[in-house]
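Below is one structure, written out as structure tokens; comments come after it.
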Amino acid sequence: MSFRYCIYFIFIAVFISSSQLAGQEKSNKTEQSNSKASASTIRSKGTVEKAIRPNIRTSGGPEAKYKKSRTNPTYPKHETTSNGPNIIVIIPDDLGWADIGYNGSEILTPHLDQLANTGIKMNQHYVMPTCTPTRVSFLTGKYPSRYGILGPDYGEVIDVGDPTISSLFQQEGYRTAIAGKWHMGSPPYTPLKYGFETSYGYFDGQIDPYTHEYKTETKLTSRQSWHRNDEYLTEEGHATDLITNEALRVINENNKSPFFLYLAYSVPHYPLKEPEKWTSMYDHLNISESRKWYAASVTHMDDGIGKIIAALEETGQRENTIILFISDNGGQKSWQSTSEYHGAYADKPHDVLGNNFPLRGWKTNLYEGGIRVPAFVNWEGQLKPGATNIPIHVADWLPTLLQMTRSNQNENAIPVDGIDIWPYLRNKSESAAERTMYWKIRGATAVRKGPWKLIHNRDSDRKELYNLDDDFRESKDLSESNPEKVEELLNVENEIAKADRE
């Protein structure tokens, strides 16, 4: 099915459908079947409507960028690999380094700790410092700056038709599903256009946990955000429970094909509102009220993950399921608003949220606290428990998961910035070659090459240089004493940036 969009300022014309390739028709029939299967749930709990928003994306400024319309992609099916492992990718929102039990946190996460302790902990796993860029990098295997994405964004974010990890696994015969946060485009640039057969959750960057509304209305966003299969849905319940229940539906579905489940929880991103069942677990601690809400939200999520593991075991799928856990960025320091969410949180300041100790910095910046996050991978019977200290980038997971599942894809034909880290996960004693990583956000860039990391403020031209082997807390700026290294990394930055979209 193809869609054409014409923009007259913020108004959008109706889109016209027509038949296309047989492979796409099959995908559309699957979508229709999934919509029918969930119809009783939708009728009993709420209503649905088409999700349409203007075809505009803004990036780094108030002016709107108009993009050329593109047809809906078609993803040809390869031979079905029905015996491939299932994949569950769990992405909490704004979970800091010290916000998970196995990293010494006061927050109770027994199920996540068990998965981490029986899997491989990644002690130097890097992401982008905000949500949209990290998610784009995971989905495409590229640096998000290749799409001109430098921060949270809306409109058309990923070029329609580009390969994504979901479309590639869909070609392999996987059932592909997303449950939770999307934030890689606003309607009509929604999950079903990017290789997901079913979608459920919310389109935008954040929601109220009970009303499921976005914080405000803009040219690119409405308050309504909750949806099923890309159609707006009104539904009751706490977002954490609803997202978990959707994951359980995917796992329990009677289907011989393996599944790829992208499970993106809304917590511990603000605004936070948790039942007493969870907050009471932290009444004995001398912590701020908002930190209690934060901790409760993480434990609530952990409980849902425990249910997911139990469902895998009950259905005999546990040993045939890869579980990958990654936070999308470092923890946020605080939040307060008197106007967002209709002012519902004006008297509930979130003065203390995440904890990135001992790393420096917070969400949105390029210090380690913003980009180095809790992460582990668990594959029972296939990966020996342990830890790896090799630097890993979120873009690595597209080529790596294709290797881990013995995909039929020609990986050399897929342009990516990530590398296949499967050899280092399978054989943790294998040493990795020195590699280079790159981050670009609005106003600043960072490059890491080996132990050396350069942070370059493009607005002020200030440069900071750190040796992370000796100083992972980034307390000693070595730029003045190592001008040659600064110049070397600036040249690396400029070379990589040549492929970025402005």
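Within the stretch 261-283, is even one residue outside any loop (DSSP other than H, G, I, E, B), among the charged types (D, E, K, R) and within 30 Å of Glu474 (Cα to Cα)? Looking through the stretch 261-283, none of the residues is outside any loop (DSSP other than H, G, I, E, B), among the charged types (D, E, K, R) and within 30 Å of Glu474 (Cα to Cα).
In this structure, does Thr364 turn out to be touching a residue at least 60 places away in the same chain (Cβ under 8 Å) and surrounded by fewer than 21 Cβ atoms within 10 Å (Cβ to Cβ)? Considered against the rule, which asks whether it is touching a residue at least 60 places away in the same chain (Cβ under 8 Å) and surrounded by fewer than 21 Cβ atoms within 10 Å (Cβ to Cβ), Thr364 comes out as yes.
In the condition set (1) at positive phi; (2) surrounded by fewer than 22 Cβ atoms within 10 Å (Cβ to Cβ), Asp230 is compliant with all but (2).
Here is the figure for the stretch 155-192: residues that are of a type in the set (Lys, Arg) and under 16 Å from the mean Cα position of the chain (by Cα) total 1.
Step by step: first the residues of the stretch 446-477, then only those that are over 21 Å from Pro391 (Cα atoms) and not acidic (Asp, Glu), then the one that is surrounded by the most Cβ atoms within 10 Å (Cβ to Cβ). Which residue is that? Here the answer is Lys463. Within the stretch 183-221, if we keep just the residues that are farther than 26 Å from Ser257 by Cβ and of a type in the set (A, V, I, L, M, F, W, C), the residue that is surrounded by the most Cβ atoms within 10 Å (Cβ to Cβ) turns out to be Phe203.
Of the residues Gly316, Gly361, Gly306, the single one that is under 23 Å from Gly119 (Cα atoms), of a type outside the set (Val, Ile, Thr) and outside any helix (DSSP H, G or I) is Gly316. The sole residue among Asn320, Asn254 that is among the polar types (S, T, N, Q) and either at pLDDT below 95 or not assigned by TED's automatic domain parsing to the domain that holds Leu108 (or both) is Asn254.
When Gly180 is tested against (1) among the small types (Gly, Ala, Ser); (2) in a helix (DSSP H, G or I); (3) surrounded by 24 or more Cβ atoms within 10 Å (Cβ to Cβ), just one condition goes unmet, and that condition is (2).
Looking at the stretch 462-472, is at least one residue in contact (Cβ under 8 Å) with a residue 24 or more places away in the chain, outside the structural domain of Ile322 (by TED's automatic domain parsing) and closer than 24 Å to Ile120 by Cα?
Yes: the stretch 462-472 contains one or more residues that are in contact (Cβ under 8 Å) with a residue 24 or more places away in the chain, outside the structural domain of Ile322 (by TED's automatic domain parsing) and closer than 24 Å to Ile120 by Cα.
Total residues in the stretch 331-358 satisfying the condition of being more than 21 Å from the chain's Cα centre (by Cα), surrounded by 19 or more Cβ atoms within 10 Å (Cβ to Cβ) and part of a loop (DSSP other than H, G, I, E, B): the figure is 1.
Just to be sure, is Lys307 in contact with a Gly (Cβ under 9 Å, 6 or more places away or on another chain) and either modelled with pLDDT of 95 or more or surrounded by fewer than 18 Cβ atoms within 10 Å (Cβ to Cβ) (or both)? Here the answer is no, as Lys307 does not meet what is asked.
Could you look through the stretch 420-432, keep only residues that are at pLDDT 80 or above and in a loop (DSSP other than H, G, I, E, B), and pick out the one that is surrounded by the fewest Cβ atoms within 10 Å (Cβ to Cβ)?
Of everything passing the filter in the stretch 420-432, Asn427 is surrounded by the fewest Cβ atoms within 10 Å (Cβ to Cβ).
The selection criterion, being basic (Lys, Arg) and either touching a Gly at 6+ places or on another chain (Cβ under 8 Å) or surrounded by fewer than 14 Cβ atoms within 10 Å (Cβ to Cβ) (or both), holds for Lys277. The set of residues in the stretch 164-177 that are surrounded by fewer than 23 Cβ atoms within 10 Å (Cβ to Cβ) and assigned to a loop (DSSP other than H, G, I, E, B) contains only Gly173.
Applying the criterion of being at pLDDT below 95 and of a type in the set (D, E, K, R) to the residues of the stretch 388-419, the residue that is nearest to Asp162 (Cα to Cα) is Glu411. Annotation for the stretch 388-411: at least one member residue is out of contact with any His (no Cβ under 6 Å at 6 or more places or on another chain), over 24 Å from Cys131 (Cα atoms) and assigned to a strand (DSSP E or B).
The residues on offer are Asn255, Asn286, and the sole one that is closer than 27 Å to Gln317 by Cα and either surrounded by fewer than 20 Cβ atoms within 10 Å (Cβ to Cβ) or not small (Gly, Ala, Ser) (or both) is Asn255.
The residue list Leu478, Leu490, Leu468 contains one member that is closer than 21 Å to Ala432 by Cβ and more than 25 Å from the chain's Cα centre (by Cα), which is Leu468.
The values are calculated or read from the model by the stated rules, or taken from the named source; none is laboratory data. Quick caveat, the model's predicted, so the values are computed rather than measured. Cβ atoms come from the backbone with ideal geometry, glycine included; neighbour counts cover every protein chain shown.
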